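Just below is one structure, and these are the notes that go with it.
Every number here is computed from the coordinates shown, using simple stated rules; none is lab data. The structure presented is a predicted model; accordingly, all values stated were derived computationally and were not measured. Because the Cβ atoms are built from the backbone with ideal geometry, glycine has one as well, and the counts that use them run over all protein chains shown.
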C-alpha cells in the first residue's frame, strides 16, 4: 500500500490503511481487505454499477471512543442524510482484521470522492474508504492525503437480506 505525505495524514492513518470492511448486500456479505497495489481479487458488486463505493462511518469522531448512545445517534443522523440525498446505500461495518474493533458504517454509491470526504468531515471523521473495480483507497477528510492499495473481496451468504436503497 502506498500513502502520500504522512505529515498531512490523521493520527490513526496506519490503522485506517489496514482496516477491513464488511458490506451487507441483499444476498451476501462481502469482506473487503486491502492488498498490494494492482490486486483485485473477487468480485466488485454489480449493484454499484462500476462506480465508486464509499464507506463512511459516524462513529468515534476524530478517532476517539464515543459512548454507545452517541455513536448510535450519530449513525442515525448519517443514515438520515444519506436517505435525504436519495443515495443508494448498504449497511457496512469497518474495523481491524481480527474483529476486535468494529464501527457501524454505510457503503454508499453515487458520491464523488469530494462528496464522501465532505460527508465524513461533517461527521467528524478522519478518513473514508473508496472502493472501485481497480483500487481500495483511504481518503483523508481534512486534506488531499490518500493511500492507494489493491483489494480482495470474499463473500459469505446472508440469511437476513439487509441490503438497502
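General observations
- Tensor-based shape of the stretch 52-113 (alpha-carbon gyration tensor, a/c under 1.5 rounded, otherwise prolate or oblate): oblate
- Averaged over residues, the count of other Cβ atoms within 10 Å places the peptides 144-151, 71-78 in the sequence 144-151, 71-78, highest first.
- Label separation (residue 36 vs residue 122): 4.0 nm, computed from points 7 Å beyond Cα along the C-beta direction.
- In the stretch 72-142, inverting the average of 1/r over every pair of distinct C-alpha atoms gives 12.8 Å as the Kirkwood radius.
- Estimated [θ] at 222 nm from DSSP helical runs (n ≥ 4, -39500 (n - 2.57)) normalised by residues in the chain, nearest 500: -6000 deg cm²/dmol
- The shape of the stretch 2-156 comes out rounded: with a ≥ b ≥ c from the C-alpha gyration tensor, a/c is under 1.5.
- Label-point separation, residue 64 to residue 84 (7 Å along Cα→Cβ), nm: 2.5
- Neighbour-count order for 8, 55, 108, fewest beta carbons within 10 angstrom listed first: 8, 108, 55
- For the pair residue 98 and residue 72, a Förster radius of 25 Å applied to the C-beta separation gives a FRET efficiency near 0.60, rounded to the nearest 0.05.
- Where both bridge residues fall in the stretch 2-156, DSSP classifies roughly 95% of the beta bridges as antiparallel.
- On the basis of the beta-carbon distance and an R0 of 25 Å, residue 154 and residue 15 show a calculated FRET efficiency of 0.75.
- The listed peptides 128-135, 114-121, ordered by packing as a protection proxy, come out as 128-135, 114-121 (highest mean of other Cβ atoms within 10 Å first).
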